[in-house]
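Data block below; observations after.
The values are calculated or read from the model by the stated rules, or taken from the named source; none is laboratory data. Predicted model, so just to flag it, every value in this text is computed and none were measured. Every residue, glycine as well, gets a Cβ built from its backbone with ideal geometry; the counts of neighbours run over all protein chains shown.
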Amino acid sequence: MDLASILAATGNFSKANKLGEGGFGPVYRGVLSGGSEIAVKRLSARSLQGAAEFRNEVELIAKLQHRNLVRLLGWFADRDEKLLVYEYLPNRSLDAFLFDPSKSSKSTCMSWSTRHNIILGITRGMLYLHEDSLLKVVHRDLKASNVLLDDKMNPKISDFGMAKIFEDESGGINNTGWVVGTYGYMAPEFALEGVFSVKSDVFSFGVLLLEILSGQRNGALYLEEHHQSLIRGAWTLWIEGHAVEFMDLSLGRSFSREEARRCYHVGLLCVQENPDVRPTMSTVLLMLISDHMKLPEPAKPPLFTKLRSMPSPAQPLTARTQSRAPPHSINDVTITTIEPR
């Protein structure tokens with residue numbers, strides 16, 4: 001796609017057309033000459049993501065086609081500009097709905113049936129990446145802000161700059177020495193050792209599933225006057241038999257207890273500390289849609305995400321570090337950590 005068309009569509013990247021800003025850079029709404037709406041991601045000079053991530057996203061997503069993945073329409077790159085052009089999704093990202101303080105105005109959109117549909121859509125999208133596409137892909141940065149919603153609130157997974165292709169059909173373990181992703185969603189083996197696999201994505205999916213149920217960010221839940229991670233809070237309520245108390249208050253009583261409990265159960269199974277006992281995405285889908293499938297009991301999840309004296313989850317961390325200390329639940333920003341030699 002040529003630069004002139006993109007500039008014309010976005011009003012030369014006008015502030016009025018700016019939709020938001022992510023780890024890659026700002027995102028703009030645009031209208032092509034034929035009337036089609038587009039979303040344009042513009043690489044920021046301040047972004048930790050660079051030419052390699054840009055190329056990775058272009059090469060990967062152009063080869064992936066699924067109704068629950070965002071569609072890349074085109075791209076432009078020269079020395080000064082790097083632009084990704086996507087289909088425009090009017091409801092923006094899932095996090096804007098889940099974590100909006102004034103949820104009441106959107107309560108009809110985020111009903112239980114809508115949330116359940118979003119959970120199943122994300123599951124199918126991740127299953128496609130892990131098992132059903134020609135490329136076996138580990139996303140490595142699945143989170144609420146990377147799930148976009150179309151006009152019917154159907155979810156589409158986005159942002160493939162950190163994704164990796166697995167040559168091994170099993171989606172086996174890899175160790176890059178680099179830790180990339182978002183604290184709060186990272187599996188412990190990935191956050192602490194840089195070891196990732198499809199089961200790392202399963203952990204991120206489990207965190208996201210618990211966020212959809214509760215309407216709370218991981219790392220923003222208060223229980224008994226102690227600041228704890230969402231995972232720990234979910235586990236506490238589960239073993240105490242108070243699963244209903246975990247659900248988003250904006251749902252009231254209008255949700256299926258059985259469906260919600262099953263989703264809750266699956267979420268806890270996905271965030272197990274040992275990656276070998278986490279289910280695959282194909283098993284996750286089967287567990288979510290089968291009313292009669294008996295689910296194994298979850299074990300106590302890892303507590304490495306417990307908050308200590310750290311900035312609030314909304315405060316960005318932008319520096320690259322060389323620390324191997326256990327990470328904290330900061331989940332609004334993509335972090336890259338370089339392992340020391």
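Within region 30-49, being surrounded by fewer than 20 Cβ atoms within 10 Å (Cβ to Cβ) and either more than 19 Å from the chain's Cα centre (by Cα) or assigned to a strand (DSSP E or B) (or both) holds for VAL31, LEU32, SER33, GLY34, GLY35, SER36, GLU37, SER44, ALA45, ARG46. Taking the conditions exactly as written (out of contact with any Phe, Trp or Tyr (no Cβ under 6 Å at 6 or more places or on another chain), surrounded by fewer than 18 Cβ atoms within 10 Å (Cβ to Cβ) and assigned to a strand (DSSP E or B)), does GLY20 satisfy them or not? So GLY20 passes the test. Do we have GLU169 as of a type outside the set (A, V, I, L, M) and either at pLDDT 95 or above or assigned to a strand (DSSP E or B) (or both) here? No, not satisfied. In region 267-287, the residues that are of a type in the set (D, E, K, R) form Cβ pairs under 8 Å with partners that are buried (at least 20 other Cβ atoms within 10 Å of the Cβ) and assigned to a loop (DSSP other than H, G, I, E, B), at six or more places apart or across chains, as follows: GLU273/PRO301; GLU273/PRO302; ARG278/VAL271; ARG278/GLN272.
Just one residue in the set SER36, SER44, SER14 is closer than 21 Å to MET162 by Cβ, of a type in the set (S, T, N, Q) and not assigned by TED's automatic domain parsing to the domain that holds LYS156; that residue is SER44. Taken across region 50-73, residues that are in a strand (DSSP E or B) and over 27 Å from GLY215 (Cα atoms) do occur, with at least one present. In region 135-158, the count of residues that are of a type in the set (A, V, I, L, M), over 19 Å from PRO279 (Cβ atoms), part of a helix (DSSP H, G or I) and modelled with pLDDT of 90 or more is one or more. Against the conditions (1) in the same structural domain as ILE38 (by TED's automatic domain parsing); (2) touching a Lys or Arg at 6+ places or on another chain (Cβ under 9 Å); (3) in contact (Cβ under 8 Å) with a residue 40 or more places away in the chain, GLY74 satisfies every one except (2).
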